[in-house]
Amino acid sequence: MKEYQIKENIAVQSKRYRLLFVLFAVVLLISVAVNIMVGSIDISFSELFRIIYTSDVTTTNGFIVWKIRIPRTIAAILGGAYLAVSGLLLQVFFRNPIVGPFILGISSGATLMVSVVMLTTLSLGFTALAPFLTTVSALAGAYAAMTVVLFIAAKVKNMITLLIAGLMMGYLCHAVTSVLVAFAEQEKLKMFVLWQLGSFSGLKWSEIQILFIFGGLILVLVYALSKPLNAFLLGEAYASTMGVNIRVFRFFIIFCSCALAGMVTAVAGPVAFIGLAVPHMTRLCFVTSDNRILIPGTVLLGAIVTGLCDLIARLAFSPVELPISSITAFFGAPIVISLLIKRKVSV
Amino acid sequence: MSGPGTNTITGTGTIMRTKDLSVGYNKKTVLSLVDLAFEKGKFISLLGPNGAGKTTLLRTMAGLLPPCNGSVLIDQISLNKFKQDHLARILSVVLTDRVSPGLFSVFEFVALGRYPHTGLLGRLKKADKKVVITSLSQVHAQDLVFRQIETLSDGEKQKVLIARALAQEPRLILLDEPTIHLDLKHRMEVMSILQNLCRERGITVVASMHDVDIAAKISDQVILIKDGGIVAWGPPEDTLNKKSVAALYDFEGATFNPNLGSIEIKCNGHRGSVFVVGGIGCGTVFYRLLAKRGFAVSTGVLHTNDLDYYVAISLGAKCITRLPLEKITRDQINEALPLVKQADYVIDAGFPVSELNQMNTELIRYALAQGKLVFTLRKEKDVKRFLQTDSENLIICENEVSLIDKMDSYP
């Protein structure tokens, strides 16, 4: 075995990774710029540069850029990145390529709790919490759903059963939500239906701050877990004999993926397919299952894909705006199906 | 870590022992009262029928299952007192679980085994890379280093799994059925790799096995497991014999012979009976061929240190014998004559004739006198010289298989 050959091989590989990261970063920057510039009122690049440089909020264009376009774009790319990482975590955890926050009832749990808050009068006592109420209830719903799924998992210790338990949780939450919808007042219902369609529009800067800080912290934690995540690819038994504390690790994975998915669901409604499709796309681009590469990769690609989907949702039938989930499904579903047919899918 | 052959560690002392151990799933005990000691640098095989609890015992020893009762001790310290990453530097495993980690090169995959030795993000230092390469060369898989894991054959994958276990730099490796699903070449290769790990690296190897004959030839110790307990354990030379192996697997149609180190499938004799005049190893091929084709075999007169004797006994043939180095006399011939008379056919295996077995030619002449067909491997000129006969019933054949085929074609 020639040692220099291996050294060379590793060098070539990391060069390719670096190139891809730079490429993705550039594409992300471009898509962010396009997202901000293009819309019902087009803003030129020089105009955008002036508005940002002078922090201009007084003109119409300045108002549009600072109060509408930038918050929406940031929300979309953060939301996309978080959902994609949440999906990646769940795919590694369940060693199953077709799971995502949607499949396991996390999104449905969040939706249920949000529907309780939005459609009933239960929330009246918590006026102090009002700005964060959707976020808190979505997180609570996500964790409640996952707790039930994990409680079942502790009894059965079988991944497939856990998956089915997650699916059943989803159906159950959906059923309760439907009942609430049936009894809801017309005025409240309209708001809820709009939220449920999913959109990254109308976020306040305070909400984006929360999303950025907490989500960012969790992404750092997830990256720190990339070593046990890699070990986990060999299965629980091997991971355990390599030194992974399975119980602690399980807790962190669930905590992080629920937090990420719950947060995004709270602000943007249930967004489908990003968590499922983006990790696969990243694997195919980087040709690796190494989570130290995949985690930053899914962050970038999730942001790019969701940013573009949001752009299409705004522009395709402008001025009518399409629900973001319909666009992500148009992208995601064919990708997943073609992956399955080619049998190139692996975790 | 050192290359092959640079330091030979002889097994001294015990690395792992079990005390009053009971193992099982969900408090349902599969195997109880296990008191074993595993010596350093030894190859230890677990043998027993399917479902006896070999895998359960291995998983408990690896700390993957809590014991139902009792304890597993490493260096006198109970397994549950170890921190997980500390244990990972002492013990590693190769399981039968299907491993499909996704898109990894063989190098990256084996490097995952460095887990307990690397920092927070698992970055490989120069020394780690060296261990990965040494581990790969120890399993003769250095050529696979840039291949993708998913493209490997079963045999190659198994070698890479062993390399991954080695990359943990353990003192003890536990393997569950390491040769299952492998072709003959890889089966032998994997076994010799494991044996080298014991001999050259002083690693203790504990493996559950399904091939008794391979286990007998390779292990320092065997542990026989059956009916929820340890039936016997010790060196295979003491532990494995016709009786213990038959009892372990509830054999009826086959026999394990420790002298041959192999399992012979008994003949049931529904096609008629054949008497083979054999000796000096010439009869062995015929015994196996006849047993395979369904003939009942009787043979004689054999010395009891003859290869023919061991094979004939294992196959359940009737056997007339003489002590080693003693001349065969009229007494043994008289014993054999009734068997020759009962036989449908007689085979002369073409044994070299000497003073000791001269009398065996008598059996052939007797058979011819009885009007029986005798099939012989001898050349025509030798027939006259050794058998002193020119009977038409003596049929000369070229080799063993054509002899049996010719015999089969007679009614």
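Annotations
- Test for B:Gly51: is it in a loop (DSSP other than H, G, I, E, B) and more than 14 Å from every other protein chain (Cβ to nearest Cβ): yes
- Selection over segment B:266-297 of residues that are of a type in the set (A, V, I, L, M) and in contact with a Gly (Cβ under 7 Å, 6 or more places away or on another chain) gives a count of 2.
- Those strands (runs of 3 or more DSSP E) of segment B:228-336 in which 3 or more residues are more than 26 Å from the chain's Cα centre (by Cα) occupy B:273-277, B:296-303, B:318-322.
- Subset of segment B:181-193 (residues that are in a loop (DSSP other than H, G, I, E, B) and among the β-branched types (Val, Ile, Thr)): none
- If you check B:Pro178, B:Pro101 for being outside any helix (DSSP H, G or I), out of contact with any Phe, Trp or Tyr (no Cβ under 6 Å at 6 or more places or on another chain) and at the interface with another protein chain (Cβ under 10 Å from one of its Cβ atoms), only one passes: B:Pro101.
- Verdict on B:Ser262 being within 30 Å of B:Arg365 (Cβ to Cβ) and either among the hydroxyl-bearing types (Ser, Thr, Tyr) or touching a His at 6+ places or on another chain (Cβ under 6 Å) (or both): no
- Only residues that are out of contact with any strand residue (DSSP E or B) (no Cβ under 6 Å at 6 or more places or on another chain), in a helix (DSSP H, G or I) and surrounded by 14 or more Cβ atoms within 10 Å (Cβ to Cβ) were counted across segment B:376-405, and they come to 6.
- Sole exception among (1) of a type in the set (D, E, K, R); (2) free of Cβ contacts under 8 Å to residues at least 12 places away in the same chain; (3) farther than 30 Å from A:Cys256 by Cβ for A:Glu47, by number: (2)
- For segment A:199-222, a residue qualifies if it is within 18 Å of the chain's Cα centre (by Cα), hydrophobic (A, V, I, L, M, F, W, C) and open to solvent by 30 Å² or more (accessible area, probe 1.4 Å), and the qualifying residues are A:Ile210, A:Phe212, A:Ile213, A:Phe214, A:Leu217, A:Leu219, A:Val220, A:Leu221.
- Residue that is under 26 Å from A:Ala329 (Cα atoms), loosely packed, with under 12 Cβ neighbours inside 10 Å and among the basic types (Lys, Arg), where the choices are A:Lys155, A:Lys190: A:Lys190
- Taking the conditions (1) within 14 Å of chain B (Cβ to nearest Cβ); (2) outside any loop (DSSP other than H, G, I, E, B) in turn, A:Leu311 satisfies each one other than (1).
- Those residues of segment B:271-283 which are closer than 25 Å to B:Pro324 by Cβ and open to solvent by 10 Å² or more (accessible area, probe 1.4 Å), in sequence order: B:Ile280, B:Gly281, B:Cys282
- Every listed requirement among (1) open to solvent by less than 10 Å² (accessible area, probe 1.4 Å); (2) touching a residue at least 24 places away in the same chain (Cβ under 8 Å) is met by A:Ala239 save one, (2).
- Every test in (1) farther than 30 Å from A:Gln13 by Cβ; (2) under 32 Å from the mean Cα position of the chain (by Cα) is passed by B:Val106 save one, and that test is (1).
- Unique match (being closer than 30 Å to A:Ser199 by Cβ and aliphatic (A, V, I, L, M)) among A:Ile293, A:Ile246, A:Ile253: A:Ile253
- In segment B:248-270, the qualifying residues are those that are open to solvent by 20 Å² or more (accessible area, probe 1.4 Å) and of a type in the set (Val, Ile, Thr), and the one that is nearest to B:Tyr287 (Cα to Cα) is B:Ile265.
To keep it simple, each residue is scored yes or no on (1) more than 16 Å from the chain's Cα centre (by Cα); (2) surrounded by fewer than 24 Cβ atoms within 10 Å (Cβ to Cβ).
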residue	(1), (2)
A:Ala224	yes, yes
A:Phe232	yes, no
A:Asn245	yes, yes
A:Val271	no, no
A:His280	no, no
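- Number of positions in segment A:273-292 that are in a helix (DSSP H, G or I) and either within 9 Å of chain B (Cβ to nearest Cβ) or farther than 12 Å from A:Val85 by Cα (or both): 6
- Looking across segment B:118-140, the residues that are more than 9 Å from chain A (Cβ to nearest Cβ), of a type in the set (A, V, I, L, M) and open to solvent by less than 40 Å² (accessible area, probe 1.4 Å) come down to B:Val131, B:Val139.
- Residue, nearest to the other protein chains (Cβ to nearest Cβ), within segment B:72-98, restricted to residues that are surrounded by fewer than 17 Cβ atoms within 10 Å (Cβ to Cβ) and assigned to a helix (DSSP H, G or I): B:Asp85
- Condition met for B:Ile364 (closer than 21 Å to B:Cys397 by Cα and open to solvent by less than 20 Å² (accessible area, probe 1.4 Å)): yes
- Residue match in segment B:39-53 (condition: on the phi > 0 side of the Ramachandran plot, charged (D, E, K, R) and surrounded by fewer than 23 Cβ atoms within 10 Å (Cβ to Cβ)): no
- Residue count, segment A:19-36 (criterion: in contact (Cβ under 8 Å) with a residue 24 or more places away in the chain and not β-branched (Val, Ile, Thr)): 7
The values are calculated or read from the model by the stated rules, or taken from the named source; none is laboratory data. Remember, predicted model here, so these are calculated numbers, not experimental data. Ideal geometry is used to build each Cβ from the backbone, glycine not excepted, and the neighbour counts take in all protein chains shown. Surface accessibility is based on the protein's heavy atoms, side chains included, excluding ligands, DNA and RNA. Shrake-Rupley method; radii C 1.70, N 1.55, O 1.52, S 1.80 Å.
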